[in-house]
Amino acid sequence: MKFFKRHLLPILLVLGVLIGGFGTTCWALDRFEVTFVGFNDMHSQIYPREISVKIDGLEEKKEIGGLARIAATINDVKSEDQGNVLTVSLGDINEGPLFYFFHGRAEMAGLNAVSIDVGILGNHEFDLGLHVLKETLALADFPIILPKNLDIASSDVTDCFAPAPYFVKTMKNGTKVGCFSLLCTELATITCSGPLTKVEQDLLDAARRSVADLQEEGCDIIVALTHTGLDADRSLAASVEGIHAILGAHTHDSLEKPEIVEGPGGWKTIIGQAGSMCRYVGVMKLVVNHNGMLDETASKWTLLEMTQAVAMNQDVQNAIEPYSNELETYMGRPVGALMQDADASKSVVREKESVLGNFLADAMRWKGGTQIAFVNGGGIRGNKIYPAGEISYNMLYEIYPWGNTLEKFILTGREIRETLEISASALKSSSDNYDPADRTPSGGFLQVSGLHVVYDLEKQPALIDNNSRILRAGNRVESVEVFAPDGKWVPLSSDEEYTVTTNSWTGSGGDKHYIFGNKNGHDTHIKDVQGLVEYIVSVENVMDVSVDGRITLKGTGK
């Protein structure tokens, strides 16, 4: 054996190069190669859309995206190295009205026409429950592998996955590739996954077991297909030996350059993630040396933007176009019923407790799985009374037109109280003569869930300049109670930490909410309208709105 390794193996390698070197058997002794082309976090954005961009300081509209452009790009990549390219879909295929009305039929019709080799799940596939997940999975013409860290106690659903929790394929060049999947650990708190699903929280242990299994299968290249977020991918690469590459999703990062992370024993793993919403395709050329280690120089990652210059694949376009036409009709269909009139006038949602604000805040707190939620009054639109009756998607988009996502934070009681002082600064009393430029704009008044707050408007408001710098602290917040897990209302504790959900506008510090602007929140990537729809479904499709004493105003002088 020592003679073979020392003398005969180098001779065979040299002979392989001399006689062409690219034949399957000899080339496999030298190194292993595969190209992945993939996209992630589609969120049902299968049609092209317009975005605003700045060109030479001027704002212009440009069309981007679309599944038909992705298909054309994939075909081009595959034609360059036929038989050695794998196409992957990395989860969050579904979300929003297209998913709500068609239960994955539109998205899967397009993906089937793309010719995907393997797919994985994202959290949004669970948005409408396991019964709809089953419907969606059954439509796929390609294998979808069950995440290694997910257990679903329903054979009806698990039977729709690929037979094994892995994807293994030998490429034309002889390279044997093995893939496994991991799903985000917070699934239960951001979706309607239900009691039959259980997510293993130790991603590293799940990955190590997967690597061992695929090594046992004799795989030359092992790839993790993850829907866990870029930070989790980095941790995985730094902690687990044996993973050559991670193709990731969930946090919508558009990596223009690959990240190569060093793990145990000098092991190197390359990471790629290709944005979201069908705007990008990621191409990873993966090369592994005969010693089983990543070839950093030869391995590449390229991010391709689906601009208007990219041709459309007509087969995909034909497959998805009928759903676009139907969706316009479906958007007017009811998704629930409003039991009482809901006043969205500015004088209501920006100045006092609002029946609509209460419902929207409750929906946000429910979807975020937090103790508290804040909805800025300026984020509630329409400036009219929505009459009792049917609720359509069109109506919900009128209420929430901005496309904000839900963000989660951890704030101390002291920070929550200060946030409420910022909210109270938006309220004007008859004796108010402070400079409006140093006040919170009216849209920054917060509707709340999980709190009871009493404001005294005769007290001094917080003064904040236009750079969101506090000029003077306010003292309008007289008392605050928080809804405790035991169902009782208890005083807010200054030093205790509380979980909070708000929208991405407020979460970014909008309307001078500098407390949020100075914190690192977690963007769930759940659209505000979608979270609201899911909450309406959870309460049996009924919006039963009311005022219940969450916000009490004293000394208004009006």
Among the residues of the stretch 233-256, which ones are in a helix (DSSP H, G or I) and either over 23 Å from Glu33 (Cβ atoms) or touching a residue at least 40 places away in the same chain (Cβ under 8 Å) (or both)? Asp233, Arg234, Ser235, Leu236, Ala238, Ser239
Hey, does the stretch 241-256 have a residue that's of a type in the set (A, V, I, L, M, F, W, C), over 30 Å from Gln215 (Cα atoms) and open to solvent by less than 20 Å² (accessible area, probe 1.4 Å)? no
Can Glu107 be described as in contact with a helix residue (DSSP H, G or I) (Cβ under 9 Å, 6 or more places away or on another chain), in a helix (DSSP H, G or I) and buried (at least 21 other Cβ atoms within 10 Å of the Cβ)? yes
Given (1) of a type outside the set (Gly, Ala, Ser); (2) outside any loop (DSSP other than H, G, I, E, B); (3) open to solvent by less than 10 Å² (accessible area, probe 1.4 Å), identify the lone condition not met by Glu418. (3)
With respect to Leu13, is the statement that it is of a type in the set (A, V, I, L, M, F, W, C) and either over 30 Å from Leu86 (Cβ atoms) or at pLDDT 85 or above (or both) true? no
Which residues, counting only those in the stretch 198-220, are touching a Phe, Trp or Tyr at 6+ places or on another chain (Cβ under 8 Å), buried (at least 20 other Cβ atoms within 10 Å of the Cβ) and outside any helix (DSSP H, G or I)? Asp220
Kindly list the number of the only condition in (1) under 16 Å from the mean Cα position of the chain (by Cα); (2) open to solvent by 40 Å² or more (accessible area, probe 1.4 Å) that fails for His525. (2)
Where residues in the stretch 365-388 are open to solvent by 60 Å² or more (accessible area, probe 1.4 Å) and in contact with an Asp or Glu (Cβ under 6 Å, 6 or more places away or on another chain), which of them is farthest from Leu446 (Cα to Cα)? Pro387
Is at least one residue of the stretch 380-391 in a helix (DSSP H, G or I), small (Gly, Ala, Ser), over 21 Å from the mean Cα position of the chain (by Cα) and over 19 Å from Glu540 (Cα atoms)? no
Name every residue in the stretch 444-478 that is of a type in the set (S, T, N, Q), surrounded by 13 or more Cβ atoms within 10 Å (Cβ to Cβ) and either in a loop (DSSP other than H, G, I, E, B) or more than 32 Å from the chain's Cα centre (by Cα) (or both), in order of residue number. Gln460, Ser468, Asn475
If Leu356 satisfies all but one of (1) modelled with pLDDT of 95 or more; (2) of a type outside the set (Lys, Arg); (3) out of contact with any Asp or Glu (no Cβ under 7 Å at 6 or more places or on another chain); (4) surrounded by 21 or more Cβ atoms within 10 Å (Cβ to Cβ), what's the number of the condition it fails? (3)
Subset of the stretch 495-522 [open to solvent by 60 Å² or more (accessible area, probe 1.4 Å) and either in a strand (DSSP E or B) or small (Gly, Ala, Ser) (or both)]: Glu497, Ser508, His522
Test each condition in (1) farther than 30 Å from Pro387 by Cα; (2) out of contact with any Asp or Glu (no Cβ under 9 Å at 6 or more places or on another chain); (3) touching a residue at least 60 places away in the same chain (Cβ under 8 Å) for Ala274 and report the one that comes out false. (2)
For the list (1) closer than 30 Å to Thr191 by Cα; (2) in contact with a Lys or Arg (Cβ under 7 Å, 6 or more places away or on another chain); (3) not hydroxyl-bearing (Ser, Thr, Tyr), I need the number of the one condition that Asn520 fails. (2)
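The values are calculated or read from the model by the stated rules, or taken from the named source; none is laboratory data. No experiment lies behind these values; they were computed from the predicted model shown. Cβ atoms come from the backbone with ideal geometry, glycine included; neighbour counts cover every protein chain shown. The protein model used for the area step is the full one, side chains on, heavy atoms only, and it has no ligands, DNA or RNA in it. Shrake-Rupley method; radii C 1.70, N 1.55, O 1.52, S 1.80 Å.
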